[in-house]
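A short reminder: the numbers here are calculations on the coordinates, not readings from a lab. Model, not experiment: these values are computed from the prediction. Because the Cβ atoms are built from the backbone with ideal geometry, glycine has one as well, and the counts that use them run over all protein chains shown.
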Amino acid sequence: MKKLLIALFVFTLGFFLTACVDKALFEDVFSETLITYSSGDSISSVTSDITLMTESELVEEATLEWESKNPDAIRIDGDKGIVTRSSSDVEVTLILKVTIENTTRKKSIKLTVLALDENQVTVSFNANGGTGAPSSIVVAKNSKVTQPTQVPTREGYDFVGWFKDQNGTSAFNFATETITANIVLYAKWVEASDEVLAYHFDFGSNNLGYSYSKNTDATKNIKNLVTNTDFQVVVTRAAANNNHGTYKDNFLVMSSSSKKTDTDVAYVEFSFPQAISKMTFDAVYWSNYDADELTKLVLQVKNGDTWTDVFDIRAALGGSTTYKAITIAGLSGTEYRIYGEGNDPTGQGDNGARVLFDNMKIFTGGTTDPARRNLNLDLENLNITTRIREAGSILLPVVGNNGSTIAWAYKNTSSQDNSYVSLDNLTVSLPSEGMVNVIIVATLTNGDYTRTKEFTLIIGEGASYTDYYQSIDGLSGTALKAELKRIISKMTSISYTNTSYVLAGSDEDPSHPGNVLLVYNRGSVSGVWDEGKTWNKEHIWPQSKLGGASKSDLFNLRPSNPSINTQRQNDPYVDGSGSYGRKSGGWYPGDEDRGDIARAVFYMNTRWDLKIDGNIGNLQVFIKWHNEDPVDDFERNRNEVIYQNQGNRNPYVDHPELVDEIYGVYQAKQVKRYQPQIILYFDDRRRALAA
């Protein structure tokens with residue numbers, strides 16, 4: 001008895017000490033400088049963007065995540081809090097979630113974003129799937145805003161420019177448009193295509209023998225270094241030069257001012273035999289004086305007989321007098337010109353408003369870069385089975401069929417669960433009970449190109465299914481899917497009219513109670529049903545393809561913007577990236593909704609026996625979306641509210657691993673594309689299921 005008491009005491013003491021250590025570690029993190037404010041700002045007086053601590057200096061193993069309860073006022077973007085001020089002071093709660101080992105604690109921080117003056121407005125920038133958005137800018141109402149020089153980035157994409165809508169259909173013109181109210185500008189992206197360098201100009205002294213003091217057009221040759229052949233351009237007030245005091249190399253110089261009172265123009269016109277996709281160059285003002293004289297400097301495209309501005313080079317340069325690298329992506333025309341206007345208001349000289357250009361490169365998409373093409377193919381085809389139930393070897397692919405090398409690493413290097421997967425010995429062990437998740441990252445390299453892809457390994461048998469799903473415990477294959485169908489078929493039918501009132505609760509915007517969150521564009525509008533004027537009901541599986549399935553099944557309905565609902569029509573879903581919209585052959589729901597859509601499709605396939613392939617989309621794409629966009633709190637709450645009203649649940653929301661149990665066999669087929677350097681374990685009981 002005495003030994004038992006001692007053992008109990010030691011166990012209790014150890015538990016107590018561990019708890020104390022854990023608490024102390026969290027207190028260490030929370031004691032650090034969590035938020036850094038701009039000069040003059042404080043927790044009760046925020047006027048500019050804030051910087052958030054995302055890594056602890058005191059506790060290296062801690063992971064930090066930030067959430068804003070009012071993203072309209074402070075939006076989280078990486079380690080930045082993007083501040084948008086309005087007409088009144090706004091109190092914003094930021095939540096810091098700190099995880100150490102398997103324990104998580106939260107800290108709430110309340111800040112006050114101060115109101116704007118009556119004559120001020122805020123211009124905010126949304127990276128729209130990228131990172132590194134510029135800070136918000138406060139300007140006087142009815143004035144222009146200077147284009148930020150900071151450019152966001154996104155892996156696998158090129159930045160096109162800033163647009164007034166998230167879909168990237170209406171470009172914002174920094175040179176002409178005035179700001180009348182608070183506005184959010186969205187980054188537009190184009191996939192980094194298999195571009196090839198077609199032209200490279202360095203404007204050697206033997207090229208472009210023309211004076212930039214002449215106001216008449218002249219056709220001149222410049223050397224294309226890619227092919228070592230001459231290329232014709234039309235120039236006015238442009239020449240090759242190498243006599244700048246600082247920059248001795250040859251460059252192109254344009255001078256938009258020739259007289260002390262006149263406004264002159266300068267340009268260089270390029271006519272390419274094929275459409276170009278991207279232009280890059282280095283540019284710099286000759287001096288601060290020239291920067292003051294220049295009134296306009298843009299890239300223009302020729303449409304018919306009209307030259308149209310497509311990129312504001314002057315704004316991108318800012319006031320810099322050192323060379324700045326400029327990239328202009330998303331081009332598709334054949335005739336372009338760099339066009340400038342300037343004058344000499346101070347009367348200091350005849351040739352002013354001068355800008356230097358060098359190292360100009362022109363890319364086309366007509367010829368595929370083999371290294372990038374092969375990398376993209378290997379990335380697309382890299383799929384591994386993520387559900388592992390048996391201990392043993394797991395030899396991950398190290399070379400793709402197209403020659404890309406593949407290196408594997410843990411995403412969270414401090415996670416204790418990594419011990420179940422040895423990337424050195426290529427073995428997997430099982431937990432004593434339940435399941436663990438280990439996220440591994442594949443880095444693919446081909447030539448000068450590198451991209452990454454994440455996989456979440458679900459290891460172990462998992463806990464026994466209980467309560468609602470108790471009857472599926474121990475089942476697999478067709479028996480598992482059949483039993484899930486039986487379970488979720490026990491439901492209460494709701495009239496199509498009454499589904500509107502349920503959706504007002506199931507799809508409530510957590511950041512704006514009383515509003516609903518719309519599918520696809522993620523808009524937040526009043527949840528009050530007004531017969532479809534503010535929002536209507538999108539059928540994920542179109543009504544025309546439902547067959548005998550109930551059109552009022554809540555798991556198939558989402559509040560939507562009426563015009564966007566009309567745009568989709570009955571299109572099947574297709575893969576894509578970025579924001580929602582029509583893609584070749586169908587409709588892409590957007591990065592933030594793709595996983596939700598996939599799990600709704602799996603539900604409809606299971607509940608109503610609806611065929612996926614060739615009907616609503618491609619099964620492989622839906623599996624991919626499920627893995628890339630996991631279940632979140634919004635989807636869990638939606639599942640719960642529908643259960644309270646309709647009486648059934650979406651099993652793929654409650655148990656995401658069931659997707660692999662039922663549909664995962666199709667992913668395994670992709671492994672055959674790789675060289676035989678991988679061994680994966682599959683459940684012998686699993687069978688291919690009709691989808």
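Couple of notes before you dig in:
- Between amide H atoms placed 1.01 Å from N, distances below 5 Å from residue 80 occur with 52, all of them 5 or more places distant or on a separate chain.
- Helix runs (DSSP H) in the chain reaching 24 Å along axis by Cα, Kyte-Doolittle at least 1.0: 2-31
- Pairwise Cα inverse-distance average, inverted: Kirkwood Rh of the chain (Å): 29.3 Å
- Helical mean residue ellipticity (222 nm; -39500 (n - 2.57) per DSSP H run of 4+; nearest 500) of the chain: -6000 deg cm²/dmol
- Taking N as its residue count, the alpha carbon Rg of region 470-655 over 2.2 N^0.38 Å: 0.98
- The tail of the calculated P(r) for region 40-115, taken as Cα-Cα distances beyond 20 Å, holds 32 percent of the pairs.
- Cα principal axis extents for region 17-83, largest first, Å: 43, 22, 17
- Note on residue 424 and residue 176: with the Förster distance fixed at 60 Å, the Cβ-Cβ geometry gives a FRET efficiency of about 0.50.
- With both labels modelled 7 Å from their Cα along Cα-to-Cβ, the residue 196 to residue 272 distance reads 1.3 nm.
- Under 14 Å, Cβ to Cβ, from residue 164 - net charge with Lys/Arg +1 and Asp/Glu -1: -1
- Net lengthening on full extension, residue 486/residue 146 (0.36 nm per residue, minus Cα-Cα): 116.3 nm
- Entries in 69/537; 302/533; 533/624; 481/533; 164/278 that, when Cα-Cα distance is taken, lie over 32 Å: 302/533; 533/624; 481/533
- Convex hull projection area averaged over all views, region 370-459, Cα basis, nm²: 5.8 nm²
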